[in-house]
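S.K.: If you scroll down you'll find the structure; I have some questions about it.
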Amino acid sequence: MVKTEEIREWSNEFSSDSTEAVRSMTTSMRSTGQLQPLILLKNDDGYHIIDGIKRYRSALELGIQELQSLVIRGRLAMAKAMKSFI
């Protein structure tokens, strides 16, 4: 579990979200909770989202303070490479 206040978003380079998609995710999380973990990169700057931007933004909207997360330690280049497999 990682506190939402410790999670940082990348630039739009990693996210392809829309308002409607986040709204749909918020509805889903409100009724069923978080079904899949976020995938986060941990580096000197903190936790950065590799996968799960809609879940993260929905959690903020719902006031959820911690999210299930798979944390990977490494560098930005590694995160970019991993994103192509997700």
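S.K.: Let's test the formula: R0 of 25 Å, r as the Cβ-Cβ distance of Gln36 and Arg73. What FRET efficiency results, to the nearest 0.05?
M.R.: That gives a FRET efficiency of 0.75.
S.K.: Quick one: how many Å² of Arg30 are accessible to a 1.4 Å probe, rounded to 10?
M.R.: Its heavy atoms expose roughly 150 Å² to the probe.
S.K.: Next question, about the same structure. Sequence-distant or interchain residues sharing an amide H contact under 5 Å with Glu66, placed H: which?
M.R.: So Glu66 has HN proximity to Thr4.
The values are calculated or read from the model by the stated rules, or taken from the named source; none is laboratory data. It should be emphasised that the depicted structure is a prediction, and the values quoted were computed from it without experimental measurement. All Cβ positions, even for glycine, are placed from backbone atoms using ideal geometry, and neighbour counts span all protein chains on display. Surface accessibility is based on the protein's heavy atoms, side chains included, excluding ligands, DNA and RNA. Shrake-Rupley method; radii C 1.70, N 1.55, O 1.52, S 1.80 Å.
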